[in-house]
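Asks: What follows is a structure written as structure tokens; I'll ask about it next.
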Amino acid sequence: MERRPGIAYRRPDGDPDRFVVESVGESGLDPAVLPQTGWSEAVADADADRFHAALGEERVDVAYRLEVDDAETWVHERAARDGRGNLVGYLFTAGDRVERNRQLERQRERLEEFASVVSHDLRNPLSVAVGNVELAMEFEGDASTDRLDRALDALDWMDDLISDLLALAREGRSVEGTTPEDLTAVVEEAWRTVAPGADARLVVTGPLPRIECDRRRLRQALENLFHNALEHGTDADVAGDDFADPEGRDTFDDRSVPPGTFTDAADGDVVSDAREDSSVRAGADDPAVQVFVGRLDGGFYVADDGDGIDPADRDSVFEPGHTTAEGGTGFGLAIVDRIAQAHGWEVTLTESRTGGARFEFDGVSVLGADPPLDAGDTGSDDAT
């Protein structure tokens with residue numbers, strides 16, 4: 001006969017301190033270590049009020065922490081009163097339920113986060129747009145046109161915010177599937193999307209490994225990091241409508257980086273440092289900012305030679321809405337962090353060797369043999 005899940009129990013007279021085991025089914029709990037008396041004393045203090053309130057009801061359905069064998073275990077108790085006032089029911093381990101509750105709590109926090117942005121950040125540009133449209137109706141000629149242009153700028157800003165909010169919501173989900181990918185190729189795609197025409201150079205300190213990842217989402221993370229470096233290190237606009245195909249395909253003009261740039265180094269493309277003799281670079285000559293991508297033991301890094309990020313801001317850079325750049329939405333690095341978490345990776349911010357920002361990704365599933373790092377080398381970013 002198939003055994004029922006959980007531990008069947010009875011609480012005489014509904015007494016919260018008494019627990020009588022009637023039968024044991026499929027359960028992760030050991031009935032021998034469960035207290036027969038003094039049950040309330042084993043309930044975690046933080047859950048005691050909820051436990052007692054639930055046992056006062058006609059039907060009991062409550063999850064709480066139980067301290068047994070010097071360990072804390074989540075349990076789920078379900079019971080009903082019989083005709084003599086006893087509580088009769090089942091006790092289960094509550095791991096699955098607790099995890100679902102945690103997921104719901106994270107979703108609630110994310111909804112509150114979005115509500116805060118919608119109510120505050122979107123309201124500001126909306127007020128600017130409405131105010132300028134009203135003024136445009138009162139003015140004539142160039143003055144009216146100027147006010148309408150300002151309104152359009154505010155609406156464009158709202159569009160950027162909404163796009164980043166949607167991206168943040170999407171990238172916060174768990175990774176549905178990963179595949180072995182060439183990190184160098186993904187870096188190439190991301191740079192070609194972001195940097196055409198920018199006063200910047202990408203230096204790939206190779207060879208980069210093959211890794212297990214969601215290619216699309218990793219590319220999104222790299223694009224955001226490249227965009228962040230260019231936004232803080234150059235005055236030029238990064239790729240925009242001039243490089244977009246109306247059908248949504250990636251198209252680039254003659255200033256773009258050609259496919260294969262990062263896999264087949266041409267003469268003159270080799271970085272001079274002897275330890276980096278497999279590195280290649282592409283982009284502007286004498287650029288305003290250089291971006292470096294290299295490998296680490298169990299991961300990779302993205303760094304730049306810009307002004308860096310103030311140490312006081314490093315703990316908050318991954319928070320949604322945090323930005324120090326004029327015109328920034330503050331969601332780019334938050335999306336990077338969410339993508340890393342979805343892969344089971346950890347991304348940390350530190351300072352590059354040249355004083356810029358350096359983002360390190362750890363816990364990455366590196367495939368195949370990773371070429372050994374030189375003695376003492378932990379993945380250096382070099383400006384050349």
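The values are calculated or read from the model by the stated rules, or taken from the named source; none is laboratory data. This is a predicted model, so every value here is computed, not measured. Please note: Cβ atoms are built from the backbone with ideal geometry, for glycine as well, and neighbour counts cover all protein chains shown.
Asks: Restricted to region 32-43, and to residues that are among the aliphatic types (A, V, I, L, M) and modelled with pLDDT of 90 or more, which residue is surrounded by the fewest Cβ atoms within 10 Å (Cβ to Cβ)?
Replies: In this case the residue turns out to be Ala42.
Asks: Out of all the residues in region 3-20, is one or more modelled with pLDDT under 90, farther than 13 Å from Gly89 by Cα, surrounded by fewer than 17 Cβ atoms within 10 Å (Cβ to Cβ) and touching a strand residue (DSSP E or B) at 6+ places or on another chain (Cβ under 6 Å)?
Replies: yes
This table checks each residue for (1) loosely packed, with under 15 Cβ neighbours inside 10 Å; (2) part of a helix (DSSP H, G or I); (3) modelled with pLDDT under 90.
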{"position": "Asp315", "(1), (2), (3)": "yes, no, yes"}
{"position": "Gly321", "(1), (2), (3)": "no, no, yes"}
{"position": "Ala325", "(1), (2), (3)": "yes, no, yes"}
{"position": "Ile335", "(1), (2), (3)": "no, yes, yes"}
{"position": "Arg338", "(1), (2), (3)": "no, yes, yes"}
{"position": "Ala342", "(1), (2), (3)": "no, yes, yes"}
{"position": "Ala369", "(1), (2), (3)": "yes, no, yes"}
{"position": "Gly376", "(1), (2), (3)": "yes, no, yes"}
{"position": "Ala383", "(1), (2), (3)": "no, no, yes"}
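Asks: So which residues in region 195-218 are among the β-branched types (Val, Ile, Thr) and either farther than 21 Å from Ser352 by Cα or not assigned by TED's automatic domain parsing to the domain that holds Gly298 (or both), if there are any at all?
Replies: Within region 195-218, just Ile211 meets the criteria.
Asks: Using the structure shown, decide if Asp304 is closer than 30 Å to Asp153 by Cα and modelled with pLDDT of 90 or more.
Replies: When the stated conditions are applied, Asp304 passes them.
Asks: May I pose another question? Taking Ala79 and the conditions (1) surrounded by fewer than 16 Cβ atoms within 10 Å (Cβ to Cβ); (2) assigned to a strand (DSSP E or B), which numbered condition does it fall short on, given that it satisfies the others?
Replies: (1)
Asks: Given the structure, is Leu183 at pLDDT 90 or above, under 16 Å from Ala221 (Cβ atoms) and buried (at least 19 other Cβ atoms within 10 Å of the Cβ)?
Replies: Taking the combined requirement at face value, the residue satisfies it.
Asks: Do you know which of the residues in region 28-45 that are farther than 25 Å from Glu58 by Cβ and small (Gly, Ala, Ser) is farthest from the chain's Cα centre (by Cα)?
Replies: That would be Ala32.
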